[in-house]
Amino acid sequence: MNAPVALGIASLAHVLGEPCDVAETAPSYVDDPDRVIRWGYRTFHRAAPGVGQTRMAADAARQALDAAGLRASDIDYLVVADSGVPEYLNWDASAAVARELELGTTPTLLATQGCASAVTALQQIAGLMAVRDDIRRVLLVAVHRVSEAHINRMRNNTCLGSDGAAAAVVQRGHGRLRWLATDQIVDPRYVDFFRVEYGGSAAPVGENLEVDQMALVHRHFRREPEQLAQFVKDVDHQVAAVVERACERAGVPSSQIRRLIYLNDNQHSLAGVAKATGIPLERTNAELAAELSHVGCADQLICLSVYDSRDELAPGDLVALAGLSGGMQWFCTLVRV
């Protein structure tokens with residue numbers, strides 16, 4: 001099957017917060033640090049005080065433009081994916097990044113669909129290019145910063161939160177890191193999992209840090225361990241299912257996948273995903289996840305950027321960018337190196 005429009009990633013770049021040792025830092029976040037250490041993370045990255053999403057996104061974007069030998073005026077569209085608590089309410093973060101980059105009147109799009117925002121945005125960019133011949137280059141930026149006033153980065157779920165951003169110059173007709181297909185599976189029964197309870201219009205006032213997110217998940221299953229265990233199994237099976245669906249959409253067998261870049265989950269979860277998909281753990285981002293921790297919607301692009309900079313991607317390799325997002329949503333985008 002042929003994609004409706006040919007596009008590829010011309011350059012990649014990423015920025016991360018300051019590295020922090022998990023074992024040394026965990027006691028300052030939780031009273032049971034051994035639980036966090038067992039997740040298998042070695043390092044997480046924390047943005048310096050005063051450094052927000054806009055600055056990190058702009059820094060990554062400038063590096064991606066430089067790597068492609070481009071100027072801001074060469075960009076026809078800006079897409080910003082932000083999976084964290086926004087810097088301000090009733091505010092367009094994509095326009096803020098455009099201002100930082102001095103993009104002038106270049107149109108922008110803000111994607112806030114949790115951890116799925118950046119990977120699925122590649123499909124939106126393909127659609128944009130398919131209907132508008134004047135769009136040749138799109139700057140895609142993915143950013144995540146844990147708001148420690150809202151979320152405990154070591155207690156919100158079973159991923160350890162990190163701060164960082166990734167940027168990609170997506171170019172019409174570019175032959176490398178070509179987009180092939182994107183697919184998604186949504187199960188809205190679990191839409192409330194891991195939401196930030198207070199600060200929105202439904203509940204403007206409250207103390208989010210006192211909310212035990214995992215307790216809310218257990219409450220959903222009425223504390224019945226069998227139902228929770230089945231849900232955990234279904235999570236991995238849905239990852240495998242969405243990867244297969246993306247391969248069918250692209251007309252390629254899943255056996256061709258050379259690398260699976262999942263979200264930077266804990267090591268136990270990544271082992272489960274590897275088993276469910278039949279892709280060996282060493283061909284996933286498990287090792288890199290332990291080094292980076294979970295940078296929200298930027299995970300897959302950051303990992304792709306790292307692998308590319310290390311020359312660990314061979315021409316012709318099929319790479320699956322997959323993950324799980326609150327909502328609940330499973331997603332996969334295929335790119336050909």
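The values are calculated or read from the model by the stated rules, or taken from the named source; none is laboratory data. Bear in mind that the values here come from a model prediction, so they are computed numbers and not experimental data. Cβ placement follows ideal geometry from the backbone for every residue including glycine, while neighbour counts extend to all protein chains displayed. In case anyone asks, the SASA skips ligands and DNA or RNA and just uses the protein heavy atoms, side chains included. Shrake-Rupley method; radii C 1.70, N 1.55, O 1.52, S 1.80 Å.
What to note about this one:
- At R0 = 22 Å, FRET efficiency that the Cβ-Cβ distance of H268 and I185 yields, to 0.05: 0.50
- Relative contact order for the stretch 7-175: 37 percent, from Cα pairs under 8 Å spaced at least 6 residues apart, divided by residue count.
- Using a Förster distance of 56 Å, the FRET efficiency for A314-V205 (Cβ separation, nearest 0.05): 0.55
- Carbon + sulfur, % of accessible area of the chain - ligands and nucleic acids excluded, 1.4 Å: 48 percent
- Relative contact order [Cα under 8 Å, 6+ residues apart], the chain, whole percent: 26 percent
- Within the chain, antiparallel bridges make up roughly 70 percent of the DSSP beta bridges whose residues both belong there.
- From most to least packed by mean Cβ count within 10 Å, the peptides 37-49, 114-126 give 114-126, 37-49.
- Kirkwood Rh in Å, taken over the stretch 244-292 so that all alpha-carbon pairs contribute: 11.3 Å
- Excluding ligands, DNA and RNA, the accessible surface per residue across the chain is 45 Å² with a 1.4 Å probe.
- Charge dipole of the stretch 7-175 (Cα centre as origin; +1 on each Lys and Arg Cβ, -1 on each Asp and Glu Cβ, all else neutral): 320 debye, rounded to the nearest 20.
- Of the complete DSSP H runs in the chain, those spanning 18 angstrom or more by Cα along the long axis with a mean Kyte-Doolittle score not below -0.5 are 53-68, 117-131, 225-250.
- Packing order of peptides 206-218, 292-304, 322-334, highest average first: 292-304, 322-334, 206-218 (average count of other Cβ atoms within 10 Å over each peptide's residues).
- Computed E for M214/E287 - FRET, C-beta separation, R0 25 angstrom, nearest 0.05: 0.45
- Ellipticity at 222 nm from helices only: DSSP H runs of n ≥ 4 in the chain, each -39500 (n - 2.57), divided by the residue count, give -10000 deg cm²/dmol.
- Net length gained if the chain between L89 and E197 were fully extended (0.36 nm per residue, minus Cα distance): 37.4 nm
- Cβ crowding within 10 Å averaged over residues, with 70-78, 137-145 ranked highest first: 137-145, 70-78
- For the stretch 7-175, share of DSSP beta bridges that run antiparallel, in % to the nearest 5: 70 percent
- Cα-based Rg and Dmax for the stretch 7-175, where Dmax is the largest Cα-Cα distance (Å): 17.2, 56
- The stretch 83-211: Rg to Rh, with Rh as the Kirkwood radius over Cα pairs: 1.00
- With viscosity 1.002 mPa s and temperature 20 °C, the Kirkwood radius over alpha carbon pairs of the chain converts through Stokes-Einstein to a diffusion coefficient of 107 µm²/s.
- Mean Cα-pair separation over length for the stretch 180-336, i.e. relative contact order, pairs under 8 Å, 6 or more apart, %: 37 percent
- Taken about its Cα centre, the chain carries a charge dipole of roughly 820 debye when the Cβ of each Lys and Arg holds +1 and the Cβ of each Asp and Glu holds -1.
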